[in-house]
1. Between Ala191 and Thr43, what FRET efficiency follows from the Cβ-Cβ distance if R0 is 41 Å, with the result rounded to 0.05?
2. Could you give the length gained on full extension between Met100 and Asn145, defined as 0.36 nm per residue of separation minus the Cα-Cα distance, in nm?
3. Just to confirm the filter: which trypsin sites (Lys or Arg not before Pro) across segment 115-201 are DSSP coil and have at most 15 other Cβ within 10 angstrom of their Cβ?
4. Evaluate Rg over Rh across segment 1-90, taking Cα atoms for both radii and Kirkwood's formula for Rh.
5. Once both labels are modelled 7 Å past Cα along the beta-carbon direction, what's the Asp2-Asp171 spacing in nm?
6. P(r) tail for segment 42-91, what percent of Cα pairs lie past 14 Å?
7. Residue by residue through segment 112-123, which ³J(HN,Hα) values in whole Hz follow from phi under the Karplus form 6.51 cos²θ - 1.76 cosθ + 1.60 (θ = phi - 60°), with glycine and proline marked x?
8. If you take the beta carbon distance between Asn163 and Ser80 as r and set R0 to 41 Å, what does 1/(1 + (r/R0)^6) give as a FRET efficiency, to the nearest 0.05?
Amino acid sequence: MDIAIHNSKKKVSVSDDAFGASFNEALVHQLVVSYMAAARAGTKAQKNRSAASGGGAKPWRQKGTGRARAGTIRSPLWRSGGVTFAATPRDYSKKLNKKMYRVGMRSLVSELVRQERLLLIDKLGVTEPKTKQMQARLDELGVDNALVLTDGLDSAVYLAARNIPNIQVMDIAIVDPVSLIRPEKVVIDEAALKKLEERLS
């Protein structure tokens, strides 16, 4: 299949497998959930009765005192005791096979092409880290909420875009499903498109 370059008669030929796949909503959902779950820290921790310090000795004898029996001063019933169902550090990540990830990304990118949310450009044309220069280029493309994908992270492009709201610049090598879904448009140049095609093939 061919993808037209914005404001140009030129077209770029790409693989049907990578950019013409059918949309698998269930798999894309699984992809997004897996990515967001893996980003969770899972570092919440509390002390249960065994982790709280102290409480090694029985506070008083079992019988004869008139008080309720007690085995430790670190019981959850006591002040400064352990927590009953204490939270422990955990891993929230969900297993997703490499093949499933690749098929899901193909499905997602193909849907962006069908919805005309993938905007292919020849070159971004930002040579200096100037916000004004980047804003002028975005105005020319007619986008104000976009993910800009580049082949390698260009510091000039990154610095020029970082003060513009709703504009994110990302290297094509580290692009993720959530970043692709969120913006209204995904702006990509030819070099980055070829890298994306290699990654999805």
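We did not get these values from a lab; they are worked out from the coordinates using the rules stated. Bear in mind that the values here come from a model prediction, so they are computed numbers and not experimental data. Because the Cβ atoms are built from the backbone with ideal geometry, glycine has one as well, and the counts that use them run over all protein chains shown.
1. Calculated transfer efficiency: 0.60.
2. The span from Met100 to Asn145 would gain 13.3 nm if fully extended.
3. Qualifying residues, ordered by number: Lys123, Lys130, Arg162.
4. Computed over Cα atoms, the ratio is 1.56.
5. 3.4 nm
6. Cα-Cα pairs of segment 42-91 separated by over 14 Å account for 55 percent.
7. So the J values, rounded to whole Hz, are 4, 5, 5, 7, 6, 9, 8, 10, 8, 10, 5, 8.
8. 0.25
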